[in-house]
Amino acid sequence: MEYIYIARQKDQEVIKTDIERFKELPLNELVDLYNRQVKCGITGVHRQALYLLALRIEFKRRLAESPVYLMDYVLGFVGEIEVSNGNIRPKSEN
């Protein structure tokens, strides 16, 4: 699933607020928040897109990579992940 992201005037303020909240969380909780979005799927709601963008920024800040991608205007995610040795990887099927 993917979302075509078209920026709106107040988006950066909303994203910044989410990022500030994410900074306080340990990595495993950030991963849990992300995995909830994967289970829900992309709903097409603009607010969800902003939440995913904030997750993307926070993952990149911490790990220099993110399971949320933004290519041109297309926003999506790679699937469920897990923490392994202080990093993230695709969730194993075990």
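Read-outs: derived from the displayed coordinates by stated rules, not from any lab. The model shown is predicted, which means the values in this text are computed figures rather than measured ones. Note that each Cβ is placed from the backbone with ideal geometry, even for glycine, and that neighbours are counted across all protein chains shown.
Some values worked out for this structure:
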item: For region 65-91 versus region 6-29, the gap between their alpha-carbon centres in whole angstrom; result: 16
item: Compactness of region 34-94 - radius of gyration and Dmax, Cα, Å; result: 11.6, 35
item: Net charge dipole size for the chain [Lys, Arg +1 and Asp, Glu -1 on Cβ; Debye, nearest 20]; result: 180
item: Rounded tilt (10° steps) of 27-40 against the dominant C-alpha axis of the chain; result: 60
item: Relative packing of peptides 15-25, 67-77, 38-48 - highest average C-beta neighbours within 10 Å first; result: 67-77, 15-25, 38-48
item: Dipole of the chain, positive direction: furthest Cα of VAL31, SER84, PHE59, with charges on the beta-carbon; result: PHE59
item: Rg/Rg_ref, region 1-79, where Rg_ref = 2.2 N^0.38 Å and atoms are Cα; result: 1.00
